[in-house]
Amino acid sequence: DKIKQGLKRTTDAVSEQFSDIMSTFVKIDADSLEQLEEALILSDIGATVAAEATEKVEDIAKHQRIDTPLALRCVLKDVLSDMMDHDTELHLDTKPAVILVIGVNGVGKTTSIGKIASRYVAEGKKVMLSAADTFRAAAADQLEIWAKRAGADIVRHGEGSDPAAVVFDSIAAAKARGSDVIIIDTAGRLHNKQNLMNELGKIDRIIDRELPGAARETLLVLDATTGQNAVYQAESFNKVAKLTGIILTKLDGTAKGGIVVAISAGLGVPVKLVGVGEGIDDLMDFNRSEFLEALLP
Ligand code: GDP
């Protein structure tokens, strides 16, 4: 299936890191634990998460026999699954619900919004896109192309206009048309944290005022091919916005898919959606066990 295909490069890389320990493993001891930790670090799940996972495996070994590679693999999957944030679903049970999408340029934000819109339209829902990245005219143009492709409505203003005004108008339009979900594209200028915080704060207040009690998601889009840099971005954005989830794109183009674990376990923000290609259908719900099965087959 798609997630397996999308993770192929990661799976191959992780298998290689684990090939030594998996071919010689007979018991949990200082040597095998060290080997395990090293394999985990080299699989891009991050040093902190790797150390914690290794410790947990050691604890489990005190009351459970782990004496085959298969047993080790099973325990490791359980440990990693437990460490990752469990809440991987989107919660959108009001009409309209609001998805605020943030992330720096080039990570796949517009594409992901288009894919989400297309999915909801296919489910028979009415989708309103809000082009609140007014910093670049090209951003709204791109979003408009995706709106047409997906069959969604869109509200946009001119370049340089107030993002909060775009959001205000989108909410009014969504109410008038009976939209089920509003997806807001924002400018993610991380190098200007105070501005970004002010802008997101203002958008937040408009949504709270115009749609009190609405179900909301704030999703950060990260490019998996950037590896550790994506983890840093997640940490930085997590300080300026109340993230409810991550969209990790371009998993198909990287061997560094292990960063899913680094983000979900290390940051405590769940990865909710993953991009595995450029096509309109190439965005999947994230499922921990499916992912770990592909990661450690
Ligand atoms: P934005 O600047 O964040 O809005 O980024 P775009 O949505 O324009 O995407 C940047 C590039 O990444 C485009 O060429 C997309 O086709 C590509 N892209 C986005 N998501 C994925 C994905 O999951 N896999 C692959 N292979 N490419 C993707």
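The values are calculated or read from the model by the stated rules, or taken from the named source; none is laboratory data. Everything numeric in this text was worked out from a predicted model, so none of it was measured. Neighbour counts are summed over all protein chains in view; Cβ atoms, including those assigned to glycine, are modelled from backbone coordinates with ideal geometry.
Points to keep in mind about this one:
- Picking from residues in the stretch 177-197 that are at pLDDT 95 or above and within 16 Å of the ligand (Cβ to nearest atom), the one that is farthest from Val240 (Cα to Cα) is Ile183.
- Counted residues, the stretch 242-276 - those being among the hydrophobic types (A, V, I, L, M, F, W, C), more than 16 Å from the ligand (Cβ to nearest atom) and either part of a strand (DSSP E or B) or surrounded by fewer than 21 Cβ atoms within 10 Å (Cβ to Cβ) (or both): 2
- Hits in the stretch 208-224 (condition: part of a helix (DSSP H, G or I) and surrounded by fewer than 20 Cβ atoms within 10 Å (Cβ to Cβ)): Asp208, Arg209, Glu210
- Qualifying residue in the stretch 224-237 (condition: among the hydrophobic types (A, V, I, L, M, F, W, C), in contact with a Ser or Thr (Cβ under 9 Å, 6 or more places away or on another chain), within 16 Å of the ligand (Cβ to nearest atom) and more than 15 Å from Gly46 (Cα to Cα)): no
- The condition of being in contact with a Lys or Arg (Cβ under 9 Å, 6 or more places away or on another chain), at negative phi, within 13 Å of the ligand (Cβ to nearest atom) and hydrophobic (A, V, I, L, M, F, W, C) holds for Ala140.
- Just so you know, in the stretch 47-62 the residues that are surrounded by fewer than 15 Cβ atoms within 10 Å (Cβ to Cβ) and not hydrophobic (A, V, I, L, M, F, W, C) include one that is farthest from Leu267 (Cα to Cα), and it is Lys62.
- Count of the stretch 65-96 residues which are without any contact (Cβ under 8 Å) to a residue 24 or more places away in the chain and loosely packed, with under 12 Cβ neighbours inside 10 Å: 2
- Only a single criterion out of (1) at pLDDT 95 or above; (2) of a type in the set (Gly, Ala, Ser); (3) more than 21 Å from the chain's Cα centre (by Cα) is not satisfied by Ser161, namely (1).
- Helices (runs of 4 or more DSSP H) contained in the stretch 46-161 and holding at least 2 residues closer than 24 Å to Glu217 by Cβ: 69-83, 109-122, 137-150
- Tallying residues that are under 21 Å from Gly277 (Cβ atoms), more than 16 Å from the ligand (Cβ to nearest atom) and hydroxyl-bearing (Ser, Thr, Tyr) within the stretch 77-122 yields 2.
- In the stretch 123-137, residue nearest to the ligand (Cβ to nearest atom) [restricted to those that are over 18 Å from Pro96 (Cβ atoms) and surrounded by 21 or more Cβ atoms within 10 Å (Cβ to Cβ)]: Asp133
- Near pairs, Cβ below 7 angstrom, 6+ apart or cross-chain, from the stretch 202-222 (modelled with pLDDT of 95 or more and away from the ligand (no atom under 16 Å from the Cβ)) to any residue that is of a type in the set (Lys, Arg) and part of a helix (DSSP H, G or I): none
- Scope the stretch 17-44; condition crowded, with 16+ Cβ neighbours inside 10 Å and not in a helix (DSSP H, G or I); matching residues: Phe25, Ile28, Ser43, Asp44
- Meets criteria (of a type in the set (Ser, Thr, Tyr) and either touching a Pro at 6+ places or on another chain (Cβ under 8 Å) or touching a residue at least 24 places away in the same chain (Cβ under 8 Å) (or both)) for Thr24: no
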